[in-house]
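Every read-out reported here was derived from the displayed coordinates using simple, explicitly stated rules and does not represent laboratory data. Computed from a predicted model, the values in this text were never measured in an experiment. A quick note on method: Cβ atoms are made from the backbone with ideal geometry, for glycine too, and the neighbour counts reach across all protein chains shown.
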Amino acid sequence: MKIAITGNIGSGKSKVSSYLTSKGFKVFDADLIAREVVKPGEEALNSIRETFGDEVFNENGTLNRSKLGTVVFGDFRQKEKLEAILHPVIWKRLERLMRDETIVFAEVPLLYEVNWQDRFDYVIVIRADDDIRLKRILLRDGSTEIQAKAKMKAQMPQCKKEALADYVVDNSGEFSQTITQIEKILGFIGGKYEKN
């Protein structure tokens, strides 16, 4: 059974993933995989060089993520080219990692944006109030308030993700309250799994 964890920036997805890991579940992070597939020697790195040229690389042959980000930011066509290279490779690796697990979780921040929701049995959206998310981003990233709000605004609205989800976890309050919600969902999922 494959379960996706998603949600917007500052919602607390990683904290939920850490909790699930502490419970003994396997949790794979699509963002970490995205970094792995562009390491030296990886096939995707060659495709990026062919598509975007040497100017997005450091002298030592590693990818200069900030330069690449500048190239694709605000340019829909360039962003599409990059996604066409990365998304199939990321999914292939994620699918391979999940293959032999009975119950497995994948943290996929852009799940709905890349239209992967149907590849999972269940989707859990982690949400939090906007003011709380803003505080978390400011503390975590060292962003200015303007930068943090721009990051929040750039994403699909939280309410849309909530409407599409199988389960929604409100992570606005104490984490103990979040744990109660997660445990309830695990009970539902476990029950459904046993019936299959």
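Numbers below:
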item	result
Evaluation of residue 87 against (1) in contact with an Asp or Glu (Cβ under 9 Å, 6 or more places away or on another chain); (2) surrounded by 15 or more Cβ atoms within 10 Å (Cβ to Cβ) (one fails), failing number	(1)
Helices (runs of 4 or more DSSP H) wholly inside region 119-196 containing at least 2 residues that are of a type in the set (Ser, Thr, Tyr)	175-195
Subset of region 113-127 [closer than 14 Å to residue 162 by Cβ and either basic (Lys, Arg) or touching a Cys at 6+ places or on another chain (Cβ under 8 Å) (or both)]	127
Options 69, 74: the member that is surrounded by fewer than 19 Cβ atoms within 10 Å (Cβ to Cβ), free of Cβ contacts under 8 Å to residues at least 40 places away in the same chain, more than 20 Å from residue 36 (Cβ to Cβ) and not aromatic (Phe, Trp, Tyr)	74
